[in-house]
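A.B. asks: Shown below is the structure under consideration.
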Amino acid sequence: MFTFMPRPLPKFQYTHQLPYGAVVHDHGVQFAIFSRHASEMRLLLYQSVEDTDPTEIITFDPTSDRWGDIWSIFVPQISVGQLYHFQANGPFDPDRGLRFQPHARLIDPYAKALAGTFQPSNDGIIRPPKCVVIDDNFDWEGDRHLRRDMSESIIYEMHVKGFTQHPSSGVAHPGTYLGVIEKIPYLQSLGVTAVELMPVHEFPILAMDGSTTGQPNYWGYDPLAFFAPHRGYAAGSEPGSQVVEFKQMVKSLHEAGIEVILDVVFNHTCEGNEGGPVLSFKGLENPVYYMLENDQRNYKNYSGCGNTINGNHPIVREMIFHCLRHWVHNYHVDGFRFDLASILNRDRNGDLIPNPPLVEAIGEDPLLADTKIIAEAWDAAGAYQVGSFGDDRWAEWNGRYRDDIRSYWRGDEGTRGPLATRLAGSADLYQPGGRPPCCSINFITSHDGFTLNDLVSYCEKQNLANGEDNRDGDNNNYSENFGVEGPTEEPLINQLRLRQIKNMLATLMLSQGVPMLVAGDEFRRTQKGNNNAYCQDNEISWLDWNLVTENSELIRFCRSLIEFRRHQPTVRRHHFLTGVPNRENRWPDVSWYNPQGTLVDWHVNAQPILCVLAAPLEQEDPETLGRDVLLMFNSSHDPAPFSIPEIAKPRQWNLFIDTSAASPQDIYPNLDGPVLASEQTCPLALKSLKVYVAGN
């Protein structure tokens, strides 16, 4: 037992406004928290991260410190850096969805930073990381959002720790926000315009009993505190260091012309189901924050992680808005990718609803107007809304693009039409709703699944290291190993694998829509066939920077593709292609041909195809004249000679890409490759792609 002397508090508690969380004032800190059914509320204060017990407990007076369902108290003589928890007493009545535990130490849902980790306990009381009082002041030196048009974006998905944790990274602060800053010159040289960071809001580092056993949560899709940058990515050890370092990273990326998009997880928390711990939301107002089954005891599980956040409840909706605005206003982030976003389309009963208020409000919020908002338009309970999620403010991870491009290059039958549709911007998905091509975030790989190298090296997932007997991870990968599972010394197989990587990178960067590249795919990062490395905080997941040297020719290829895309409005239009001639003696904006040079018969089952893209008449970039582009695709296992269609013969065409050629003849960055002899057939090797560009 601990005895505390009561702290004298000011007589009037309503002199300050009532935002949530901990707010610093001149002579103290105001704490405000929501709980409807709590009968008692306490504030636990600590002097150091190592404290196993509070040094002071302050009890809220329900007659003077409660305003409706908001408990608010002003504590003088404390300031920035103060460590704290909340503690709430109320009914433990699972039949009503209430799970108050009077001795549980609760993380403030609005905590701006956490310190420490879960501490071992012998008394049954979970000791989670401590909340930290934070001062939001930071010298941004005039930094603002970059406001790059979505159609001009090239997104680079990356894990903050994995990006520089490997010893080969050569940075002074590996695995941290500061480590990312040290690698900005590489990002600039690659040419990407935005980094999409896998979750950086707080999640458990160690097991919740404080032990170091079991699988770590490497990816971070297990939220603990939505408003707080992850403490595990800070170089400094002082509580709150992560706040300043994250801002330094954002400011430095902006100085380099690179936007910052956060992967946010407003679909579940690490508190899990009815058998999980009470860490925050459960101990404050369980039936408000979570979707519960009809019996009120059990949790609806549309996330596949044990619980589901009740996103369309007004209280939770308000919290999500405060959180998004917090990251935009206090951290200057440029956008968000919403994990399992279809959950945001479910009402409080879990039913999918049209025009969900949360999704609509995010799109209309004035403070978010300069940001990019991207949905992973599905969830773990069967909802799949690719093409129909939200309005034109919402872009989407296009899972159909991923599957169709993989299938085409694997050589599957009947994939020529889907290739053309995805290459042209997925009008079948986005045009009916009046949405432009940039609503399609095109990707072939992501953090979830094979790396690009492994996609062409493994037919089966290799997930035994995850400890789940290889049951986890997707079984439907549309991958191909070319005769050997995993690494091989066979030259012909390695040649084909490299060719396939170039084929898919080129397709990605030449497609209408917005390309997303996964960190390391440009230099053949491998996870040794693991397609679900969520728990692999080791060299399976970390980027091996030795591969940058080993695969410098592939990096050159990728850089040249990105540079071409950034300078050619022909491959990143604001409107869908029509296939209709737009003026006299001018060919259509897109036309499709068979290898014989005749128009494609889409009813014929074939794989080789030729595409002609005409430069837009109204150039989006007045300083850059778009080029007409001729693309040839052959995913078959046989060569395919192409006859040049009559429409293209009057032009001079210079080779830009030939994925079957060895470097440096595989790509001509200056668009000055060999001239295409229009009167002859153009040979196209098996499993290869050629691109020609017309002269100005």
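A.B. asks: Based on what the data block shows, is R325 surrounded by fewer than 24 Cβ atoms within 10 Å (Cβ to Cβ), over 23 Å from D472 (Cβ atoms) and either charged (D, E, K, R) or at pLDDT 95 or above (or both)?
C.D. replies: Values: surrounded by fewer than 24 Cβ atoms within 10 Å (Cβ to Cβ): yes; over 23 Å from D472 (Cβ atoms): yes; either charged (D, E, K, R) or at pLDDT 95 or above (or both): yes.
Yes: the conditions hold for R325.
A.B. asks: Right, here's the next one. Of everything in the stretch 351-388 that's in contact with a Ser or Thr (Cβ under 7 Å, 6 or more places away or on another chain) and buried (at least 21 other Cβ atoms within 10 Å of the Cβ), which residue is nearest to N310 (Cα to Cα)?
C.D. replies: Once the filter is applied, the top-ranked residue is D379.
A.B. asks: Now for a different question. Filter the stretch 346-387 down to the residues that are among the small types (G, A, S), without any contact (Cβ under 8 Å) to a residue 60 or more places away in the chain, out of contact with any Pro (no Cβ under 9 Å at 6 or more places or on another chain) and assigned to a loop (DSSP other than H, G, I, E, B) and list them by number.
C.D. replies: Residues satisfying the conditions are G350, A369, A377, G382.
A.B. asks: Separate question: Looking at the stretch 279-304, which of its residues are among the hydrophobic types (A, V, I, L, M, F, W, C), under 18 Å from A225 (Cα atoms) and buried (at least 22 other Cβ atoms within 10 Å of the Cβ)? Show your work before the answer.
C.D. replies: In the first step, residues of the stretch 279-304 are kept if they are among the hydrophobic types (A, V, I, L, M, F, W, C); the result is 279, 281, 284, 288, 291-292.
Next, only the ones that are under 18 Å from A225 (Cα atoms) stay: 279, 281, 284, 288.
Of everything in the stretch 279-304, those that are among the hydrophobic types (A, V, I, L, M, F, W, C), under 18 Å from A225 (Cα atoms) and buried (at least 22 other Cβ atoms within 10 Å of the Cβ) turn out to be L279, F281, L284.
A quick yes/no check of all residues on (1) crowded, with 17+ Cβ neighbours inside 10 Å; (2) among the hydroxyl-bearing types (S, T, Y):
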| site | (1), (2) |
| --- | --- |
| R400 | yes, no |
| D404 | yes, no |
| S407 | yes, yes |
| G467 | no, no |
| N481 | yes, no |
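A.B. asks: Filtering the stretch 67-119 down to residues that are within 22 Å of R7 (Cα to Cα) and hydroxyl-bearing (S, T, Y), which residue is nearest to the chain's Cα centre (by Cα)?
C.D. replies: Across the stretch 67-119, the extreme among qualifying residues is Y84.
A.B. asks: Based on this model, can you work out whether K161 counts as touching a helix residue (DSSP H, G or I) at 6+ places or on another chain (Cβ under 8 Å), assigned to a loop (DSSP other than H, G, I, E, B) and either free of Cβ contacts under 8 Å to residues at least 24 places away in the same chain or basic (K, R) (or both)? Steps first, answer last, please.
C.D. replies: Values: touching a helix residue (DSSP H, G or I) at 6+ places or on another chain (Cβ under 8 Å): yes; assigned to a loop (DSSP other than H, G, I, E, B): no; either free of Cβ contacts under 8 Å to residues at least 24 places away in the same chain or basic (K, R) (or both): yes.
Here the answer is no, as K161 does not meet what is asked.
A.B. asks: Quick check, is G68 assigned by TED's automatic domain parsing to the domain that holds Y46 and at positive phi? Outline the logic, then answer.
C.D. replies: Numbers: assigned by TED's automatic domain parsing to the domain that holds Y46: yes; at positive phi: yes.
Yes, satisfied.
A.B. asks: Then there's this: Scanning for something farther than 27 Å from A685 by Cα, assigned to a helix (DSSP H, G or I) and either modelled with pLDDT under 95 or not assigned by TED's automatic domain parsing to the domain that holds P199 (or both), does the stretch 493-516 turn up at least one residue?
C.D. replies: No, because not a single residue in the stretch 493-516 is farther than 27 Å from A685 by Cα, assigned to a helix (DSSP H, G or I) and either modelled with pLDDT under 95 or not assigned by TED's automatic domain parsing to the domain that holds P199 (or both).
A.B. asks: Report whether or not Y408 is under 24 Å from W219 (Cβ atoms) and touching a residue at least 60 places away in the same chain (Cβ under 8 Å). Outline the logic, then answer.
C.D. replies: Working: under 24 Å from W219 (Cβ atoms): no; touching a residue at least 60 places away in the same chain (Cβ under 8 Å): yes.
Here the answer is no, as Y408 does not meet what is asked.
Residue-by-condition table, conditions (1) closer than 21 Å to A104 by Cβ; (2) in the same structural domain as K183 (by TED's automatic domain parsing); (3) of a type outside the set (S, T, N, Q):
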| position | (1), (2), (3) |
| --- | --- |
| H254 | no, yes, yes |
| I258 | no, yes, yes |
| T269 | yes, yes, no |
| V278 | yes, yes, yes |
| Y289 | yes, yes, yes |
| S303 | no, yes, no |
| E318 | no, yes, yes |
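A.B. asks: Taking the conditions exactly as written (in contact (Cβ under 8 Å) with a residue 24 or more places away in the chain, more than 17 Å from the chain's Cα centre (by Cα) and over 23 Å from S35 (Cβ atoms)), does V243 satisfy them or not? Give the steps one after another, and end with the answer.
C.D. replies: Numbers: in contact (Cβ under 8 Å) with a residue 24 or more places away in the chain: yes; more than 17 Å from the chain's Cα centre (by Cα): yes; over 23 Å from S35 (Cβ atoms): yes.
Considered against the rule, which asks whether it is in contact (Cβ under 8 Å) with a residue 24 or more places away in the chain, more than 17 Å from the chain's Cα centre (by Cα) and over 23 Å from S35 (Cβ atoms), V243 comes out as yes.
A.B. asks: Could you figure out which of (1) modelled with pLDDT of 95 or more; (2) more than 30 Å from I609 (Cβ to Cβ) isn't true of R406?
C.D. replies: (2)
A.B. asks: Every residue in the stretch 650-671 that is more than 16 Å from C611 (Cβ to Cβ) and at pLDDT below 95, please.
C.D. replies: Listed by number, the residues that qualify are P650, Q652.
A.B. asks: Check the stretch 523-542 and report whether any residue there is over 30 Å from L206 (Cα atoms) and either modelled with pLDDT of 95 or more or under 22 Å from the mean Cα position of the chain (by Cα) (or both).
C.D. replies: Taking the stretch 523-542 first, the residues over 30 Å from L206 (Cα atoms) are 523-524.
Pick out the ones that are also either modelled with pLDDT of 95 or more or under 22 Å from the mean Cα position of the chain (by Cα) (or both) and you get 523-524.
Yes, because at least one residue in the stretch 523-542 is over 30 Å from L206 (Cα atoms) and either modelled with pLDDT of 95 or more or under 22 Å from the mean Cα position of the chain (by Cα) (or both).
A.B. asks: I need the full set of residues from the stretch 110-148 which are under 30 Å from R393 (Cβ atoms) and either free of Cβ contacts under 8 Å to residues at least 40 places away in the same chain or crowded, with 22+ Cβ neighbours inside 10 Å (or both), in order please.
C.D. replies: The answer is Y110, A111, K112, G142.
A.B. asks: Output the residues belonging to the stretch 124-148 that are under 15 Å from H85 (Cβ atoms) and part of a loop (DSSP other than H, G, I, E, B). Even if it seems obvious, please write down each step before you answer.
C.D. replies: Filtering the stretch 124-148 down to residues under 15 Å from H85 (Cβ atoms) leaves 125-133.
Within the stretch 124-148, I125, I126, P128, P129, V133 qualify.
The values are calculated or read from the model by the stated rules, or taken from the named source; none is laboratory data. Keep in mind it's a predicted model, so treat the numbers as computed, not measured. Cβ coordinates were reconstructed from backbone atoms using ideal geometry, including for glycine residues, and neighbour counts include every protein chain displayed.
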